[in-house]
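A short write-up of the structure that comes next.
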Amino acid sequence: MFSFLSALVLAVPALAGFLINAPFYYPIRNFARKKTARTVFFGSVFLGLLMIAYPVYALLISALSCIWLGPWGLLGIIAMPVLGWTVGKFRDAWWRLMNYGKLKAEDRNYLRSLFSK
């Protein structure tokens, strides 16, 4: 039940976070995959690229939103990482729901009995 409520609450902010952060995230991920093909260094290269490039991306998007929205555009500096975080939380809640839906009826009853005590 908790995953359903959290997925329901996080759906709209997660969609906004995905739309804002996906144009940055996926090209960086694909670049890191190409550069580290057949090696074990993908995670470290990807994290390094994100740590270097994300502040620049956030400042660029915030500057553009300041031009469009005025001083309210500065909220983008805070909103972008928070909305990106909601994408991860929504994805976790969604997969919990999907996996729970794949369980057999007796497995669901067993899980309910574990948590109802």
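Structure above, values below:
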{"read-out": "Unmet requirement for residue 10, which otherwise passes all of (1) free of Cβ contacts under 8 Å to residues at least 24 places away in the same chain; (2) in contact with a Phe, Trp or Tyr (Cβ under 6 Å, 6 or more places away or on another chain); (3) of a type in the set (A, V, I, L, M)", "value": "(1)"}
{"read-out": "The one condition in (1) within 26 Å of residue 77 (Cβ to Cβ); (2) of a type in the set (A, V, I, L, M, F, W, C); (3) exposed (fewer than 11 other Cβ atoms within 10 Å of the Cβ) that residue 22 fails to fulfil", "value": "(3)"}
{"read-out": "Inter-residue pairs, beta-carbon under 7 Å, first without any contact (Cβ under 8 Å) to a residue 12 or more places away in the chain and in the range 33-49, second part of a loop (DSSP other than H, G, I, E, B), 6+ apart", "value": "42/36"}
{"read-out": "Answer from 102, 89 - the residue that is loosely packed, with under 12 Cβ neighbours inside 10 Å, closer than 29 Å to residue 3 by Cα and basic (Lys, Arg)", "value": "102"}
{"read-out": "Options 29, 38, 96, 91: the member that is of a type outside the set (Ser, Thr, Tyr) and on the phi > 0 side of the Ramachandran plot", "value": "38"}
{"read-out": "Of the criteria (1) over 27 Å from residue 96 (Cα atoms); (2) surrounded by 12 or more Cβ atoms within 10 Å (Cβ to Cβ); (3) at pLDDT 90 or above; (4) not aromatic (Phe, Trp, Tyr), which one residue 62 fails", "value": "(3)"}
{"read-out": "Counted residues, the range 25-41 - those being out of contact with any Phe, Trp or Tyr (no Cβ under 8 Å at 6 or more places or on another chain) and surrounded by fewer than 16 Cβ atoms within 10 Å (Cβ to Cβ)", "value": "11"}
{"read-out": "Single residue of the range 66-91 satisfying the filter (at pLDDT 90 or above and not hydrophobic (A, V, I, L, M, F, W, C)) that is farthest from residue 15 (Cα to Cα)", "value": "81"}
{"read-out": "Residue 8 vs. criteria surrounded by fewer than 13 Cβ atoms within 10 Å (Cβ to Cβ) and at pLDDT below 90", "value": "yes"}
{"read-out": "Options 78, 52; residue that is free of Cβ contacts under 8 Å to residues at least 60 places away in the same chain and either under 22 Å from residue 7 (Cβ atoms) or surrounded by fewer than 11 Cβ atoms within 10 Å (Cβ to Cβ) (or both)", "value": "52"}
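The values are calculated or read from the model by the stated rules, or taken from the named source; none is laboratory data. Predicted model only: the values in this text are computed from it and were never measured. Note that we place each Cβ from the backbone using ideal geometry, even for glycine, and neighbour counts take in every protein chain shown.
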